[in-house]
1. Exposure proxy check: 556, 180, 166, 413 ranked by fewest other beta carbons within 10 Å?
2. Would the stretch 415-564 count as rounded, prolate or oblate if I go by the C-alpha gyration tensor, calling it rounded below 1.5 in a/c and otherwise prolate when a/b exceeds b/c, oblate otherwise?
3. Taking 7 Å along the Cα-to-C-beta vector as the label spot, tell me the residue 15-residue 38 distance in nanometres, rounded to one decimal.
4. Taking amide H atoms as placed 1.01 Å from N in the peptide plane, list the residues 5 or more away in sequence, or in a different chain, whose amide H sits under 5 Å from that of residue 366.
5. Per residue of the stretch 11-24, in order, report the coupling 6.51 cos²θ - 1.76 cosθ + 1.60 (Karplus, θ = phi - 60°) as ³J(HN,Hα) in whole Hz, putting x for Gly and Pro.
6. Calculate one ³J(HN,Hα) per residue across the stretch 141-158 by plugging θ = phi - 60° into the Karplus curve 6.51 cos²θ - 1.76 cosθ + 1.60, and present them in order as whole Hz with x for glycine and proline.
7. Rank these for me by crowding, 59, 36, going from fewest to most other beta carbons within 10 Å.
8. What is the helix-to-structure angle for 62-75, meaning the angle in degrees between its Cα long axis and the longest Cα principal axis of the chain, kept from 0 to 90 and rounded to the nearest 10?
Amino acid sequence: MTFTPATDPVAGSVAVSALIGLIPLVTFFVLLAVVRTAAHVAGAFALLAALAVAVVAYRMPVGLAGLAASEGAVFGAFPVFWIVLTAVWLYQITVRSGRFEDLRRIFDRLGAGDLRIQAILIAFCFGGLMEALAGFGAPVAITATMLMAIGLKPLRAAATVLVANTAPVAFGAIAIPITTAGALTGIRADHIGAIVGRQTPLLAFVVPLLLLLIVDGVRGLRDAWLPALVTGVVFGAAQFLCSNYFSYELTDVVASLAGLGVAVLFLRVWKPRGADAARERLGVPARTASEAAVGPGAEAASLTGSRVWLALFPYILVILVFAVSKLWRLGIDLPKALLATDVKIPWPLLHDSLLGADGKPVASTIYSFQWLSSPGTLLLLSGVIIAVVYSLNDGGGRFRLRIGDAVAELWRTFVKMRLAALTIVLVLAIAYVMNLSGQTVAIGTWLAGTGAAFAFLSPILGWIGTAVTGSDTSANALFAKLQQTAGQHAGIDPSLLVAANTSGGVVGKLISPQNLAIAATSVGMDGQESTILRKVVPWSFGLLLALCVLVFLQSTSALGWMLP
């Protein structure tokens, strides 16, 4: 038995078919945002809805619908969750070893004693680094506690980290949102990343300035705008260069370190005004910010060059490992050799039964098992090396990490993230059922009826998806194929719209219930998510509007030259 998806299986109408095809998404969003069920519960019911619509309305054979769900679930587990798991595990190694505390002290020294600049370095630069390696709420939780430690009040700290956690999101967790979009659409992930790298840097330019407004109002902006602008411009420029000419997976790692490094160098020759007055306005005594983060003077003095190097070592190593795997061609073409290890698996029974309009099996039913080339595997290798180095350098017993502890931490990390893993698996299963049954194509065809105006609306889909699910990866899993289809029918570059979905998602992250809850818990404002939401929602709407205008102009001759 074979099956070919159609765009108008219900009453011969694309509009009716599209509206019915929306049922799984509406189910998911309503259960999550209105009924407020757990994400994995909403995902389970939405998957049942997707299967029912595929079988009953789109006439997909039951067996093929189930096989489509199974392929999506496996892809969600590997490589998607595998990348997330190893990224968070790598961070946990630094915490368990005690080296993360040294990293906090480094930021105190780098901030030139100015609370506002420290907030930018921690929330924007270091938070971007955490987003690059972990994502999924970890940067918000980590940096919120660090801002509390240097003296910021709870609401101000929560708003600061949420707004900071925007520009890096598209390339978070080793750019898994972009990798997911590429896998679902068949568009090269590096091409999508290159376009995103010509959109989100414009947000990066202004986000540090917005952080100054949040931390210290107009006076803070007036006193410290120059180092904030320099940090944002360098971060954005590094995002553009890395995503277009180096490695889109490493974009946030490189951008965060570049922004941090340039900011530190700039602060050696230019000091912000009014640092002490700002502390007074914020209710932080003159030495509290430094002492809270660093501790007694003797402890600060013990931050030797060796300890600084070992605190930074994990992030430097990740850059080197990914650089070698992507660029090494001396004697052996390592990138090609790694890709050659991928195992291509035509999904059993599904591949030969699901046919495109040309009567040939569709490419998306071939699963690629990237056991060695996956970023998750490279992060695992990096984590093992870090664990070995840390176990051999215990600082005279002060920092203790045994190899067995690191291995056990991997299991503990999986246990803590098991529900997140289930959610990812279910969301990808929904995406595959909707894509392979024709639901996504029908919705995209219907939306394409808006014509050129769809380019303006495109980022809003990503914004909605991330705001509700808390994940740009999930938003791409749900909408990437839809964006591609809409672009093909509206005569707009599909790659631009898929990238717009990713970029729109970054400004939806700061108002997602998941992120709001993480921020509230981290700063001791449990149950006050609505208060934080009111503080940050204007920034989300403003940045979204700017993205909508940018994408629309990029779809025309006005800014079409910006695209690769």
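Here, each number is a calculation from the coordinates, and none is a lab measurement. All of these numbers come straight from a predicted model, not from anything done at the bench. So basically every Cβ, Gly included, is an ideal-geometry build from the backbone, and we count neighbours across all protein chains shown.
1. Fewest-to-most ranking of 556, 180, 166, 413: 556, 413, 166, 180.
2. oblate
3. Taking the two extended label points, one gets 4.2 nm.
4. The list, which skips near neighbours in sequence, is 347.
5. 6, x, 10, 5, 5, 5, 4, 5, 4, 5, x, 6, 3, x
6. Here the 3J(HN,Hα) series is 5, 5, 6, 4, 5, 5, 5, 4, 5, 8, x, 6, 6, x, 5, 5, 5, 5 Hz.
7. Ranking 59, 36 by Cβ neighbours within 10 Å, fewest first, gives 36, 59.
8. 20
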